[in-house]
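Colleague: Encoded as structure tokens, here's the structure I'll be asking about.
The values are calculated or read from the model by the stated rules, or taken from the named source; none is laboratory data. None of the values given here were measured: they were computed from a predicted structure. Note that each Cβ is placed from the backbone with ideal geometry, even for glycine, and that neighbours are counted across all protein chains shown.
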Amino acid sequence: MAQRIELYDLKIITNQFSDAQKIGSGGYAEVYKAVYKNEEIAVKLLNSAIGINNDQFMNELSNHMNVKHSNIVRLVGYCNEITSQYVEQKDGPVFGKHIYKVLCFEYMHGRSLDRCLCEKSLGDVWHTHYQIIKGTCKGLCYLHHGCERAILHLDLKPANILLDKLKNPKIADFGLSRIYTGSRTHVKVAGTVSGTMNYMAPELRNEGVVSYKADVFSLGVTIINVIGGSGGLQHYHEHGPKKFVEYVCTYWRERDNTADLYQVETCTKIAICCVHTDRHQRPTMKEIMVNLNDMETQVLGKGLHTLTVNSSHHVSLKLSGDSSGREPLDVVIVYAFDCTESTPAWYTVDNGIFWMVQEKLTHFPYSCMGYIYVMSTANTYTSDMKVVDPAETKVIGYTGFARRRTTCTKNMASGLAEAHNMISSRGHHNGIILFFSDGLKNEGDFFDGTNNFISKVPVHTFTLAGDTYNHVLQSIAANSPGGKFHTSPVPERPNLSTPFSKLLDSLLGGTPEDVERPLSFISGRDPLDVVIVYAFDCTNSTPAWYTVDSGVFWLVQEKLTHYVDSCMGYMYVMSTPNTYTSDMKVVDSAETKETGYTGSTRRRMTCTKNMASGLVEAHKMVSNRGYRNGIILFFSDGLINKGDFFDGTEKFVSTVPVHTFTVGGDAYNQGLQAIAKNSPGGTFTRLPVPERPHLSAPFSKLLDSLLGGTMD
């Protein structure tokens, strides 16, 4: 809580408000730098000569006293004192009063955003600019939706956004702000409205109409100037909405070769939506935050929440509509993982599905969400259920979950029964259980009893990895009204596919509005999923191994960065221990041969028939993604393989192209030809993959043709 600071103390720390300590001045205040109780602060002395009345001062003070957010400048203290002093007049000295109205804030070392933009001191790194955009959006979202009473800023602009040492933004200057308590969507203000013209919404400037959407307009102009380089707003007016998106993406591609163009495009489209002349077409701050968070996780931004630029150059933000007519919906997620440590399947549910369901339930007022995770070793389950809070996101986490632990018997069977009880106790008849299994072989009685459990609410079951437990998952779903066993399209790790998001929409009752085409990458390409199969009958690394692992792998990785939301996987079968090692994950452009893959788990599973089973598993990895745009690249060392290592591969029929290569000898060419022939569009290519250690230009071009062409 901000404290009252005596005028006597303020005069001491500012050296009687000396010019030497003045760091800024504006239309109604002078700002001084000082140190108070070992903290650097900015002392804002309001100009009494311009007639700021007590109500105006108390308005700004009240607004700042009631906000606490990392992206809002912190109020340290205040002073409101009247002093008596003699003033020289023509007729002699006159005894008068001087009013001191002072607000003291934390000192921001990074200065104001407008100065940084003017001086081009933000640098050429996209991440810095995105950090400023995201932080400003979070701060404004807090003012609109996070305070006890919503606050409208009404003068948001780069001059009122201050940066700290790490270039984190904080919104300042609530001089024009007002508490917004009415249930109406807008109010009309008589008289002249103060503000900065370029950043002022047209309805506020021309008609005095005040609403949340006025701040959204100002935010849009601010983002355009942050993202569009020198003269960003001018470029926007010159190019028009659609061309401006292309201009900005090209600008950042040239300025920072590490820039995430998917982020650049999304932020640009959000800004364009914000500056729509019709305030009703602008998004709310909640909707903007949903889109930013969805983009970062690449989970939701491609389903419910999409940004489009249409042919009429009108840019709209298609988001969830009013859900006031919907009844509460209660969902419990069951983690059916027989393990004591986190696994790829765990992360898929805990870091992806959990937050996807949470966001979707915000469209159903008073809905509850719960979870239950059974620990087989300790014979306990951890669970809780609470009303969905739209303010809680993956970024800030859940603050209200108690994570209650209870002793159980029969493990997963009792967990499923408890999930059913959690929904039943709510009193609603609108509930769903989502039951996720890692699909691996579970020992003992972990699943005993689940196939005999009868549920009164739909139970939808999913397998995230192997197929060992599919028959029981089918039984669980069948023993519930409207339940279903789903084998796809939930990828193993780490992100969720667009089809799964749409599947959830259908399970939860449909999308609030019609689903539009997902936000695409600037190239307009669909996701492409590739699995590399290492067909080497050896237990030690060989020249062929190094060619694929150190060359082909990273060449494919680099090419897939041009396809947003694409996945890359690998499958390596070990003939001696009869196991295969595999994983699949969304391509991260920041990961290179030098840094290595940070997200790969290298899951090892027992197999039979060796390479034949490996090829089947690779096919499943592509199919489970839910897209029909997948490729298998099958590399053999071409040597004579003894035993049954390749048995069955020639007879395997794939529904995606399988391109086969020999990296060494020609002993197995007939098998490679058969594998390719039994797939749609597959080819057997003997050349030009050099044995070691670098990949040839012809092979790079060949990959381009297989993956769909070269990027400009």
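Colleague: Which pairs turn up if I take residues in region 407-433 that are more than 20 Å from THR380 (Cβ to Cβ) and assigned by TED's automatic domain parsing to the domain that holds LEU473 and look for partners that are modelled with pLDDT under 70 and not in a loop (DSSP other than H, G, I, E, B) with beta carbon separation below 9 Å, at least 6 apart in sequence or on another chain?
Modeller: ILE432/LEU507
Colleague: Among (1) in contact with a Leu (Cβ under 7 Å, 6 or more places away or on another chain); (2) modelled with pLDDT under 85; (3) buried (at least 22 other Cβ atoms within 10 Å of the Cβ), where does ALA667 come up short?
Modeller: Only one criterion is unmet by ALA667, namely (3).
Colleague: What are the residues in region 553-566 that are touching a helix residue (DSSP H, G or I) at 6+ places or on another chain (Cβ under 8 Å) and not in a loop (DSSP other than H, G, I, E, B), if any?
Modeller: Result: LEU555, VAL556, LYS559, LEU560.
Colleague: Also: Filter region 196-209 down to residues that are outside any loop (DSSP other than H, G, I, E, B) and out of contact with any helix residue (DSSP H, G or I) (no Cβ under 9 Å at 6 or more places or on another chain) and give me whichever is surrounded by the fewest Cβ atoms within 10 Å (Cβ to Cβ).
Modeller: ASN206
Colleague: Restricting to region 68-109, give me the number of residues that are touching a helix residue (DSSP H, G or I) at 6+ places or on another chain (Cβ under 7 Å) and either modelled with pLDDT under 75 or more than 14 Å from LEU7 (Cα to Cα) (or both).
Modeller: The number of residues fulfilling the criteria is 4.
Colleague: Looking at THR382, THR377, THR306, THR340, which is the one that is at pLDDT 70 or above and of a type in the set (S, T, N, Q)?
Modeller: Only one candidate qualifies: THR382.
Colleague: Answer with yes or no whether GLU617 is acidic (Asp, Glu) and modelled with pLDDT under 80.
Modeller: No; evaluated as a whole, the condition is false for this residue.
Colleague: Filter region 427-443 for residues that are closer than 18 Å to TYR373 by Cα and in contact with a strand residue (DSSP E or B) (Cβ under 6 Å, 6 or more places away or on another chain); which is modelled with the lowest pLDDT?
Modeller: Restricting to residues being closer than 18 Å to TYR373 by Cα and in contact with a strand residue (DSSP E or B) (Cβ under 6 Å, 6 or more places away or on another chain), the top hit is GLY439.
The rows are residues; the columns are (1) of a type in the set (Val, Ile, Thr); (2) modelled with pLDDT of 85 or more.
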| residue | (1), (2) |
| --- | --- |
| LEU122 | no, yes |
| THR128 | yes, yes |
| ASP155 | no, yes |
| PHE174 | no, no |
| TYR180 | no, no |
| ALA190 | no, no |
| GLY231 | no, no |
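Colleague: Hey, can you tell me all the residues within region 620-653 that are at pLDDT below 70, at negative phi and not polar (S, T, N, Q)?
Modeller: ARG625, TYR627, ARG628, ILE640, LYS642
Colleague: Anything in region 92-121 that is within 29 Å of THR284 (Cα to Cα), out of contact with any strand residue (DSSP E or B) (no Cβ under 8 Å at 6 or more places or on another chain) and either surrounded by 19 or more Cβ atoms within 10 Å (Cβ to Cβ) or touching a residue at least 60 places away in the same chain (Cβ under 8 Å) (or both)? List them, or say none.
Modeller: LEU117
Colleague: So which residues in region 233-243 are surrounded by fewer than 23 Cβ atoms within 10 Å (Cβ to Cβ) and in a helix (DSSP H, G or I)?
Modeller: Of everything in region 233-243, those that are surrounded by fewer than 23 Cβ atoms within 10 Å (Cβ to Cβ) and in a helix (DSSP H, G or I) turn out to be LEU233, GLN234, HIS235, HIS237, GLU238, HIS239, PRO241, LYS242, LYS243.
Colleague: Pick from LYS138, LYS170: which is modelled with pLDDT of 85 or more, closer than 25 Å to LYS269 by Cα and in a strand (DSSP E or B)?
Modeller: Residue meeting the stated conditions: LYS170.
Colleague: For region 210-225, check the following and say yes or no: at least one residue is at pLDDT below 90, crowded, with 19+ Cβ neighbours inside 10 Å and in a loop (DSSP other than H, G, I, E, B).
Modeller: yes
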